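The structure appears right after this line, and notes come after that.
The values are calculated or read from the model by the stated rules, or taken from the named source; none is laboratory data. Remember, it's a predicted structure, so these values are computed and weren't measured experimentally. All Cβ positions, even for glycine, are placed from backbone atoms using ideal geometry, and neighbour counts span all protein chains on display. Each accessible area value is taken on the protein alone, full model and side chains, heavy atoms only, with ligands, DNA and RNA left out. Shrake-Rupley method; radii C 1.70, N 1.55, O 1.52, S 1.80 Å.
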Amino acid sequence: MVTLHMLIDHSSLEIFDIDGESVFTDCHYPCPSSQDVEFFVQAEKMRITPLDAWRLKAIR
């Protein structure tokens, strides 16, 4: 099993494995009212556990 970490904020998405061997970074600009996150995979099985979320303060 591969363990992945994801960091998602208002304009970026970063996914990396625990060893740092695989990294994916993307910029995204969703609608300001968007509050959902959806996962789509091309695999027979996927398990997300645990899933933690934190609300961060603005740095402005």
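Collect the residues in the stretch 1-23 that are of a type outside the set (A, V, I, L, M, F, W, C) and surrounded by 10 or more Cβ atoms within 10 Å (Cβ to Cβ), keeping them in residue-number order.
His5, His10, Ser11, Ser12, Glu14, Asp17, Ser22
Could you count how many residues in the stretch 13-38 are more than 15 Å from Thr3 (Cβ to Cβ) and of a type in the set (A, V, I, L, M, F, W, C)?
Qualifying residue count, the stretch 13-38: 4.
From Ser12, Ser33, Ser22, which residue is farther than 16 Å from Trp54 by Cα and in contact with a strand residue (DSSP E or B) (Cβ under 8 Å, 6 or more places away or on another chain)?
Answer to the selection: Ser22.
Which residues, counting only those in the stretch 1-23, are assigned to a strand (DSSP E or B) and more than 10 Å from the chain's Cα centre (by Cα)?
The initial filter retains those residues of the stretch 1-23 that are assigned to a strand (DSSP E or B), namely 4-8, 12-17, 23.
Within the stretch 1-23, Asp17, Val23 qualify.
Mind listing whichever residues of the stretch 24-51 are assigned to a loop (DSSP other than H, G, I, E, B), open to solvent by less than 100 Å² (accessible area, probe 1.4 Å) and either at pLDDT 80 or above or not aliphatic (A, V, I, L, M) (or both)?
Within the stretch 24-51, His28, Pro30, Cys31, Ser33, Ser34, Phe39, Thr49 qualify.
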